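Student: Please find one structure pasted underneath; my questions will follow.
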Amino acid sequence: MDQSPGFSELPKPSPGSWLVSCTLAWGVFGVCSFSAKMAANTLPGTSVAVWWVVGYVPITFGIAWVLGFPRDLRSRAASIPCIAGVVAQLAALFFYWALARGKASVVVPLTALYPMVTLGLALLILRERLSLRQSIGVGLAFIAIFLFSL
């Protein structure tokens, strides 16, 4: 039996470490979007999506190799990330199609506002609440959408 730790058995991160992860994700997503635009300048969006998966899969298995493969594969909850993966690939395909047809300086910031959908779902389904400051931030994001659409 595999003795490597499962994902759920990793130590809890220290307070504030989410900010480091968030900053790293921000930077990597930025490079990813720029790379996608470079690819979309020469390949159809569908091809970019396929090649993206070719790069994505080895990293996923590498992470699982290092951290240990999840042991809860039979859990009903395991279907949620699988569905999320399908939806993410569809989103990536639409993103690449948009990059192939539009300017990266407009497409990337507009699609980067996808957390507004997540926020709406969290408010409706999870019954999460926003502070006044957060609500102002949401309003500013919608203003940004409007300004980018001009």
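The values are calculated or read from the model by the stated rules, or taken from the named source; none is laboratory data. As the structure is a prediction and not an experimental result, all values here were calculated from the model. All Cβ positions, glycine included, derive from the backbone under ideal geometry; neighbour counts span all protein chains shown.
Student: Given (1) over 13 Å from the mean Cα position of the chain (by Cα); (2) surrounded by fewer than 13 Cβ atoms within 10 Å (Cβ to Cβ), where does Gly45 come up short, assuming only one miss?
Tutor: (2)
Student: Is it the case that Thr111 is loosely packed, with under 10 Cβ neighbours inside 10 Å and within 14 Å of the chain's Cα centre (by Cα)?
Tutor: no
Student: Within region 122-133, is there a residue that is more than 21 Å from Cys22 (Cα to Cα), at pLDDT 90 or above and surrounded by 11 or more Cβ atoms within 10 Å (Cβ to Cβ)?
Tutor: Yes; the residues of region 122-133 include at least one that is more than 21 Å from Cys22 (Cα to Cα), at pLDDT 90 or above and surrounded by 11 or more Cβ atoms within 10 Å (Cβ to Cβ).
Student: Across region 65-84, what is the number of residues that are modelled with pLDDT under 85 and in a helix (DSSP H, G or I)?
Tutor: The total comes to 8.
Student: A further question follows. Looking at (1) at pLDDT 90 or above; (2) on the phi > 0 side of the Ramachandran plot; (3) not basic (Lys, Arg), find the lone condition where Phe94 falls short.
Tutor: The single condition Phe94 does not satisfy is (2).
Student: Sort out which residues of region 1-42 are modelled with pLDDT under 85, over 18 Å from Thr60 (Cβ atoms) and of a type in the set (A, V, I, L, M), and write them in order of number.
Tutor: Met1, Leu19, Val20
Let's see how each residue does on (1) over 21 Å from the mean Cα position of the chain (by Cα); (2) in contact (Cβ under 8 Å) with a residue 24 or more places away in the chain; (3) closer than 28 Å to Leu43 by Cα:
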residue: Asp72; (1), (2), (3): yes, yes, no
residue: Ala91; (1), (2), (3): no, no, yes
residue: Ala104; (1), (2), (3): no, yes, yes
residue: Leu132; (1), (2), (3): yes, no, no
residue: Val138; (1), (2), (3): no, no, no
